[in-house]
Amino acid sequence: MLRTAARQALTLHVAVDRLLAVGTVASFLGLLLTDRIHPLVVLLLELYLGF
């Protein structure tokens, strides 16, 4: 019974992490499409993801 509760808590935690990640990427893309993000931010993000 304890293992089942721990498994459910872990599943919920993973689901929340994925929802936050998808929400963050979607909001960033929305701002990028409406030109509300400075080009320097995009350059810094490209450099960060390049390494």
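The values are calculated or read from the model by the stated rules, or taken from the named source; none is laboratory data. Please read these numbers as outputs of a predicted model, since none were measured by experiment. Every residue, glycine as well, gets a Cβ built from its backbone with ideal geometry; the counts of neighbours run over all protein chains shown.
For the range 29-50, give me each residue that is loosely packed, with under 10 Cβ neighbours inside 10 Å and either on the phi < 0 side of the Ramachandran plot or touching a Cys at 6+ places or on another chain (Cβ under 6 Å) (or both). Lay out the reasoning, then the answer.
Taking the range 29-50 and keeping what is loosely packed, with under 10 Cβ neighbours inside 10 Å, we get 33-36, 38-40, 46-50.
Result: L33, T34, R36, H38, P39, L40, E46, L47, Y48, L49, G50.
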Inset, instruction - Within the range 8-21, identify whether any single residue is at pLDDT 90 or above and surrounded by 10 or more Cβ atoms within 10 Å (Cβ to Cβ), and answer yes or no. - result: yes
